[in-house]
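Here's the structure we're looking at; comments come further down.
The values are calculated or read from the model by the stated rules, or taken from the named source; none is laboratory data. Given the structure is predicted, the values throughout are model-derived calculations rather than measurements. Quick reminder, even Gly has a Cβ in these numbers, built from the backbone with ideal geometry, and neighbours come from all protein chains shown.
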Amino acid sequence: MALVERTVVDKIEVIGWSKVLQIREDKQIIDDATDEVKVRGKWHRYVLCPDQDISSEPEEIKSVANVVWTDEVKTAWTAHLEKVRPSNYNG
C-alpha cells in the first residue's frame, strides 16, 4: 500500500453573460492499492475567461469551454475588455 496524491476536477461552473468558467479541484490522498480516498477536501479554485488558452486543461474543462464559449461570447468578452482596460494596458 502506498499513499499517492491525485487532483480531481470536482466542479465546473459557468458564470454570467461572459461564460467565465470557475473550476474547483480536489487534491486527494488515495491508497493506490485499493483506490480508497483517505483524505479529500483540499480545494483549489481558479477561473478561466473566454480569451484564455485552454490547451493544457483537462478534457472535461475543454469540452465545457468549447460548448459555452461561442464566437458571440468571445466577441462580447473582447468588447468588454476593450471598455474596461486602461488605455496603457500591455498585457
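Within 21 Å of the chain's Cα centre (by Cα), loosely packed, with under 12 Cβ neighbours inside 10 Å and part of a loop (DSSP other than H, G, I, E, B) - does that describe any residue in the range 55-73?
Checked against the condition, which is being within 21 Å of the chain's Cα centre (by Cα), loosely packed, with under 12 Cβ neighbours inside 10 Å and part of a loop (DSSP other than H, G, I, E, B), the range 55-73 yields at least one hit.
In the range 74-91, how many residues are in a helix (DSSP H, G or I) and of a type in the set (Gly, Ala, Ser)? Spell out the reasoning first.
Going through the range 74-91, the residues in a helix (DSSP H, G or I) turn out to be 74-84.
Now restrict to residues that are of a type in the set (Gly, Ala, Ser): 76, 79.
Adding up the residues that qualify gives 2.
Inspect all residues belonging to the range 32-43 and state whether any of them is within 12 Å of the chain's Cα centre (by Cα) and more than 21 Å from Leu81 (Cβ to Cβ).
No, the conditions are met nowhere in the range 32-43.
Restricting the range 36-50 to residues that are surrounded by 12 or more Cβ atoms within 10 Å (Cβ to Cβ) and at pLDDT 95 or above, which is nearest to Arg24 (Cα to Cα)?
Leu48
Can you pull out every residue in the range 1-50 that is without any contact (Cβ under 8 Å) to a residue 24 or more places away in the chain, of a type outside the set (D, E, K, R) and not in a strand (DSSP E or B)?
Once the filter is applied, which keeps residues that are without any contact (Cβ under 8 Å) to a residue 24 or more places away in the chain, of a type outside the set (D, E, K, R) and not in a strand (DSSP E or B), the range 1-50 yields only Gly16.
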